[in-house]
Amino acid sequence: MTIMRQNEVIIRVAGAAGDGVQSAGEILVRTFARSGLYATSYNYYQDIIRGGESWYQVRASDVKVKNQGDGLDILVALNQDGVERHTNPDINEGGASPLGKDGIAIFDNSIKNYTKRDTNYCPMPLADIAAKYSKNTLLKNTVGLGAAIAASGIDFNIFADVIRDQFGKKGDIAELNVKAAKEGYDYFLANYKPLGKKFKFGKKKYMISGGMAVALGAVAGGLKMYVAYPMTPASSALHFLAQHAKKYGVFVKIPEDEISAINTVIGANYAGVRAMTGSSGGGFALMTEAVGLSGMTEVPLVIYEAQRPGPSTGLPTKTEQGDLNQVLGASQGDFPRIVFAPGDIEEAFYLTREAMNIAEKYQTPVFIMSDLYLAEHYDTIDSFDLNFTIDHGLRAKDNEQDYKRYLITETGISPRAIPGQPGNMHNEDSDEHNEYGDVVSDAVTNPQDRIRMMQKRMRKMDTYIEEMRPTPTYHIEDAEYVIIQWGSTKGTVEEAVDILRSKGIKIGAIEVKNVFPLNPDIGTLLKNKKKIIAVENNYSGQLSKYISAQFLVKPDLITKYDGEAFYPNALADEIEVRIGKKKEVIRE
Amino acid sequence: MMNMNDYKNKRVPPDWCPGCGNFAQLSAITMALAELKIDPKDVVVASGIGCSSNMPEFLNTYGFHGLHGRLVPFAAGVKWANSKLTVIAYGGDGDGFFEGTQHFYHTAKRNVDITYMVSDNQVFGLTTGQASPTAPIGLRTKTTPDGNIETPFNPIAFALNAGATFVARAFSGDVKHLKDITVRAIKHKGFSFIDVISPCVTWNKENSYEYFRPRVYHLENNDVTNFDQAYKLAFEWGDHIPIGVFYEVERPTYEDLDEVLRDGPLIEQKVHTLTEEDLEEFA
Ligand SMILES: Cc1ncc(C[n+]2csc(CCOP(=O)(O)OP(=O)(O)O)c2C)c(N)n1
Ligand code: SF4
């Protein structure tokens, strides 16, 4: 059973692709953010430009909301299908529950033959009102949103300003939209009862998506070049950076393919400029040879890998965490690599920024693993801590005597010289080499050189493990049961923990933010627990297997691979079953 | 004053077979750099994989021996990061015209200001003599025991099609001419391409120095701005093989046109410090 809170509202806009569902949803998130509420969102869409069903869900509250939520207060349905589908209790769309008995369904009053269920139906003359202001049928959405704003008790003026910004450049159109929205707002209040939500409005928030957070984090970390080939869901970062290229002084380019992209950014990093590439599974597959090139030549490299369901082109507009094996196994041989998995928008920003320093410090590839859910959903933040120092790592002095690019050191890190620097000319080599960078791969091979060089490179991992920050945990102190989680499931897992704790179950969670190398402290955290449960958005429990191998534990596995993110109540129910507190899951 | 030996790595002598065409190219590159008085610290030679691609190891410049076929995007990345550097991409015909073909095409089209020199021996050298994309019809190799049946790749026509602004051919049997072409290619602002006929004395006995010497002739007094003529010349092969500059025109480089790169070398541009004010955009 979903408990609706007085200081929380969940709104869903549903329609066909091309109906403007997404922009309507974004207007709502921005309105809540400016009103001083936290909001988060979920975009359910299909891989077609027109037609096909889509919906956008926004959850807002005066306390931080960690996921899209699985209840529903207000539905704005743009077609009959939307009314039917989202008020039908037998349908469980990817785990989300449709409108309940206290919920409000807003739709055009021309829609009449829907199946009546136990919900507050609020038909309105959306199209008629819209027609007064414009021939453009999309105006209907604005009228519906106006009504939803009235139903949730949000200040209309803030909403009006958001609309003005949205249509700002189109002059009169903005005012027509505001007027239409106001009629929708007034009509609702004159004819129906609002939900009576009680919010404590705070300071205005910023609205940002995961892809934008990765891009901004990279910029904050000194990014000067982003070269990438478009692939959903990594494209949002590419688009954002392309639009801000001039402002942030970042060179942005789509090259002929992903192989070119990664080799180009390796070239730039080699030449001393912080450059990054990004893609999703299939595009990343093309890059894998060059990942090893970065490892072998010890050129810093940051790669943004935004997962979508596979195999192959899979589900292009859906979410999954199925690329961990691919990232861990990318490229032949053994070489150091570091893999981060941010769990939310803030972590996406901070971890990407940190990755820029880490890549240069350890002169090795560093990954930011995200997924469609994290990359594409909008969220709110109060602000970012913008204090940061760019650290270029160990650099050679000019004109070093007898410069050795791959000097054997205890840390595994050798001083780096970059082209243009006087006196330290050398060769960097994709073949095995000695300390100078001279090739040792053929007839004159010295096996000692190979062994020493392998050990030198791999030692960077030991050095890195020592500087790792502790693994983040949630209510772990007294926990008898523990959930292991990575990436975007963070917020949902935490809410599931809250739900179970409210029932007196002592449960906690650990977030595997450093996916590779694993922090040794995870072993300690997992000790003496009654049960370990891994929650993953993939079929086989890729992280779980890898944790089992490293720490000799045997987590129980809760997976989801239908292309949708987890929902908190459904997850809490499932966990309860697994720990034996509930027989089976009965979903309402 | 620099001389050609200042550009050679004193520690590592070339490991090519005696008589390999790559030696002439090593000489031509070092002579050209000395003639142009380019400080070794400002030169990056990027290569792929193959016998020829070992080149950077024998040079006393900044060098990068990367992946098979991927030298051109790497070189573009270096140039885009620091346009002050002289960037030479150097590789084989297998490397550049098989796996690297589309990089070659698009980098030429973008007119990135790098020099791309290909050691064209019509076979794979390092992997022991398989047919390469430029192998002539009938060439017997390990992979074409009955003779090659595939129409050879035409590097000159390809480069012209792609939009390269400098297209030339040279011959390892004529070092002085090869050096002159290299000088012109490095000086040229924009994408310069040199296809170097470079006999592989070990795996390609048919297309030897002796085969090419009587056939090559110098292009003289041709109008290098005449695309149609250059294109026609690109198909001249057999008893008469033109060497020299086929085509050379000025066109803005990618670096000139890009809104960020045109403000100067990326490496010298200030990093944007993110501020609270920047965040206002997201309110
Ligand atoms: C991705 C990849 N595929 C194949 C190889 C094996 N390989 C090394 S060199 C080479 C061909 C070299 O021929 P070419 O480029 O003509 O250079 P040459 O040795 O003749 O100078 C190949 C196929 C490789 N190193 N990497
Ligand atoms: S095999 Fe051929 S290309 Fe390679 S070094 Fe020997 S002669 Fe030169």
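The values are calculated or read from the model by the stated rules, or taken from the named source; none is laboratory data. Quantities reported herein were computed from a predicted structural model and do not represent experimental measurements. Glycine gets a Cβ as well: all are built from the backbone with ideal geometry, and neighbour counts include every protein chain shown.
Please work out if B:Ile156 is touching a Leu at 6+ places or on another chain (Cβ under 8 Å), under 18 Å from B:Ala230 (Cα atoms) and touching a residue at least 60 places away in the same chain (Cβ under 8 Å). So B:Ile156 passes the test.
Sub-6 Å Cβ pairs linking a first residue in the range A:304-322 that is more than 17 Å from A:Glu258 (Cα to Cα) to a second residue that is part of a strand (DSSP E or B) and of a type outside the set (A, V, I, L, M), at least 6 apart or interchain, are A:Thr319/A:Asp371; A:Glu320/A:Gln307; A:Gln321/A:Gln307; A:Gln321/A:Asp371; A:Gln321/A:Glu536, ordered by first then second residue. Pairs linking a residue in the range A:270-282 that is within 16 Å of A:Leu293 (Cβ to Cβ) to a residue that is of a type in the set (Ser, Thr, Tyr), with Cβ atoms under 6 Å and 6 or more positions apart or on different chains, are A:Met276/A:Tyr226. Taking the condition away from ligand 2 (no atom under 16 Å from the Cβ) and not in a strand (DSSP E or B), does B:Tyr105 pass? It is true that B:Tyr105 is away from ligand 2 (no atom under 16 Å from the Cβ) and not in a strand (DSSP E or B). With respect to (1) more than 8 Å from every other protein chain (Cβ to nearest Cβ); (2) over 15 Å from B:Asn22 (Cβ atoms); (3) in contact with a helix residue (DSSP H, G or I) (Cβ under 6 Å, 6 or more places away or on another chain); (4) within 8 Å of ligand 1 (Cβ to nearest atom), the lone exception for B:Glu99 is condition (3).
Does the range B:69-76 contain at least one residue that is under 14 Å from the mean Cα position of the chain (by Cα), in a helix (DSSP H, G or I), surrounded by fewer than 24 Cβ atoms within 10 Å (Cβ to Cβ) and within 14 Å of ligand 1 (Cβ to nearest atom)? Even if it seems obvious, please write down each step before you answer.
At the first step, the residues of the range B:69-76 found to be under 14 Å from the mean Cα position of the chain (by Cα) are B:69-76.
Those still in the list that are in a helix (DSSP H, G or I) too: B:71-76.
Okay, now just the ones that are also surrounded by fewer than 24 Cβ atoms within 10 Å (Cβ to Cβ), so none.
Within the range B:69-76, none of the residues are under 14 Å from the mean Cα position of the chain (by Cα), in a helix (DSSP H, G or I), surrounded by fewer than 24 Cβ atoms within 10 Å (Cβ to Cβ) and within 14 Å of ligand 1 (Cβ to nearest atom).
Results for (1) touching a strand residue (DSSP E or B) at 6+ places or on another chain (Cβ under 8 Å); (2) more than 17 Å from A:Gly343 (Cα to Cα); (3) among the polar types (S, T, N, Q), shown as yes or no for each residue.
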| site | (1), (2), (3) |
| --- | --- |
| A:Val493 | yes, no, no |
| A:Ala496 | yes, no, no |
| A:Val515 | yes, no, no |
| A:Asn519 | no, no, yes |
| A:Leu526 | yes, yes, no |
| A:Ile532 | yes, yes, no |
| A:Asn538 | yes, no, yes |
| A:Val553 | yes, yes, no |
| A:Glu564 | yes, no, no |
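Among the candidates B:Asp174, B:Asp239, the residue that is over 30 Å from A:Met225 (Cβ atoms) and either within 14 Å of another protein chain (Cβ to nearest Cβ) or in contact (Cβ under 8 Å) with a residue 40 or more places away in the chain (or both) is uniquely B:Asp174.
If you check B:Thr141, B:Thr107 for being within 17 Å of B:Asp195 (Cα to Cα) and at pLDDT 95 or above, only one passes: B:Thr107.
Does B:Ala185 meet the test of being within 16 Å of ligand 2 (Cβ to nearest atom) and either more than 14 Å from chain A (Cβ to nearest Cβ) or surrounded by fewer than 24 Cβ atoms within 10 Å (Cβ to Cβ) (or both)? Outline the logic, then answer.
On the way: within 16 Å of ligand 2 (Cβ to nearest atom): no; either more than 14 Å from chain A (Cβ to nearest Cβ) or surrounded by fewer than 24 Cβ atoms within 10 Å (Cβ to Cβ) (or both): yes.
Against the criterion (within 16 Å of ligand 2 (Cβ to nearest atom) and either more than 14 Å from chain A (Cβ to nearest Cβ) or surrounded by fewer than 24 Cβ atoms within 10 Å (Cβ to Cβ) (or both)), B:Ala185 does not qualify.
Would you tally the residues in the range B:34-50 being more than 16 Å from ligand 1 (Cβ to nearest atom) and either within 15 Å of the chain's Cα centre (by Cα) or not in a helix (DSSP H, G or I) (or both)? Looking only at that region, the number is 6. Of the residues screened, B:Thr128 is one that is within 16 Å of ligand 2 (Cβ to nearest atom), over 14 Å from the mean Cα position of the chain (by Cα) and in a loop (DSSP other than H, G, I, E, B).
Going by what's in this entry, would A:Asp334 be described as away from chain B (no Cβ under 14 Å), more than 28 Å from A:Asp47 (Cβ to Cβ) and of a type in the set (D, E, K, R)? Explain how you work it out, then say what you get.
Numbers: away from chain B (no Cβ under 14 Å): yes; more than 28 Å from A:Asp47 (Cβ to Cβ): yes; of a type in the set (D, E, K, R): yes.
Yes, satisfied.
Would you tally the residues in the range A:219-244 being closer than 26 Å to A:Thr317 by Cβ and assigned to a helix (DSSP H, G or I)? It would help to see each step written out before you state the result.
First pass over the range A:219-244, keeping only residues closer than 26 Å to A:Thr317 by Cβ: A:226-244.
Restricting the remaining residues to those that are assigned to a helix (DSSP H, G or I) gives A:235-243.
Summing the residues that are closer than 26 Å to A:Thr317 by Cβ and assigned to a helix (DSSP H, G or I) in the range A:219-244 gives 9.
Of the residues making up the range A:287-304, at least one is hydroxyl-bearing (Ser, Thr, Tyr) and more than 14 Å from chain B (Cβ to nearest Cβ).
Yes/no per residue for (1) facing chain B (nearest Cβ under 10 Å); (2) more than 30 Å from A:Glu320 (Cβ to Cβ); (3) loosely packed, with under 15 Cβ neighbours inside 10 Å:
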position	(1), (2), (3)
A:Tyr362	no, no, no
A:Ser383	yes, yes, yes
A:Lys404	no, yes, no
A:Glu410	no, yes, yes
A:Met425	yes, yes, no
A:Lys460	no, yes, no
A:Glu466	no, yes, yes
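Just give me the residues in the range B:224-254 being polar (S, T, N, Q) and surrounded by fewer than 19 Cβ atoms within 10 Å (Cβ to Cβ), in sequence order. Please lay out each step first, then the result.
Let us first name the residues in the range B:224-254 that are polar (S, T, N, Q), namely B:225-226, B:229, B:253.
Matches in the range B:224-254: B:Thr225, B:Asn226, B:Gln229.
Report yes if B:Asn161 is under 22 Å from B:Glu236 (Cβ atoms) and within 16 Å of ligand 1 (Cβ to nearest atom), otherwise no.
No, not satisfied.
Taking the stated definitions as given, is B:Asp256 charged (D, E, K, R), within 11 Å of chain A (Cβ to nearest Cβ) and in a helix (DSSP H, G or I)? No: the conditions fail for B:Asp256. Please determine, by comparing only the residues of the range A:258-286 that are within 12 Å of another protein chain (Cβ to nearest Cβ) and within 16 Å of ligand 1 (Cβ to nearest atom), which one is nearest to A:Met454 (Cα to Cα). Only one residue tops the list, namely A:Ile266.
Name the residues in the range B:1-23 that are more than 13 Å from ligand 1 (Cβ to nearest atom) and either under 20 Å from A:Tyr403 (Cβ atoms) or crowded, with 24+ Cβ neighbours inside 10 Å (or both), would you? Result: B:Met2, B:Asn5, B:Asp6, B:Tyr7, B:Lys8, B:Asn9, B:Lys10, B:Arg11, B:Val12, B:Pro13.
Do we have B:His106 as within 14 Å of another protein chain (Cβ to nearest Cβ) and away from ligand 1 (no atom under 12 Å from the Cβ) here? Criteria met by B:His106. Being of a type outside the set (A, V, I, L, M, F, W, C) and away from every other protein chain (no Cβ under 13 Å), is that true of even one residue in the range B:61-81? Scanning the range B:61-81 turns up no residue that is of a type outside the set (A, V, I, L, M, F, W, C) and away from every other protein chain (no Cβ under 13 Å).
Inspect all residues belonging to the range A:287-294 and state whether any of them is touching a residue at least 12 places away in the same chain (Cβ under 8 Å), buried (at least 22 other Cβ atoms within 10 Å of the Cβ) and assigned to a loop (DSSP other than H, G, I, E, B). No, the range A:287-294 contains no residue that is touching a residue at least 12 places away in the same chain (Cβ under 8 Å), buried (at least 22 other Cβ atoms within 10 Å of the Cβ) and assigned to a loop (DSSP other than H, G, I, E, B).
Which residue is nearest to the chain's Cα centre (by Cα), if the candidates are limited to the range A:1-40 and must be charged (D, E, K, R) and outside any strand (DSSP E or B)? First the steps, then the outcome.
Taking the range A:1-40 and keeping what is charged (D, E, K, R), we get A:5, A:8, A:12, A:19, A:26, A:30, A:34.
Adding the requirement that they be outside any strand (DSSP E or B) leaves A:5, A:19, A:26, A:30, A:34.
On the way: A:Arg5: 26, A:Asp19: 25, A:Glu26: 16, A:Arg30: 18, A:Arg34: 22 Å.
Among them, the one singled out is A:Glu26.
Given (1) within 16 Å of ligand 1 (Cβ to nearest atom); (2) in contact (Cβ under 8 Å) with a residue 24 or more places away in the chain, where does B:Phe191 come up short, assuming only one miss? Here B:Phe191 meets the rest and fails (1). Condition test on B:Val78, is it in contact with a strand residue (DSSP E or B) (Cβ under 9 Å, 6 or more places away or on another chain), among the aliphatic types (A, V, I, L, M) and away from ligand 2 (no atom under 14 Å from the Cβ)? So B:Val78 fits the description; yes. Is there any pair linking a residue in the range A:15-26 that is crowded, with 21+ Cβ neighbours inside 10 Å to one that is among the polar types (S, T, N, Q) and part of a loop (DSSP other than H, G, I, E, B), with Cβ under 7 Å and at least six apart or on different chains, and which? Listed pairs, sorted by first residue: A:Gly15/A:Asn79.
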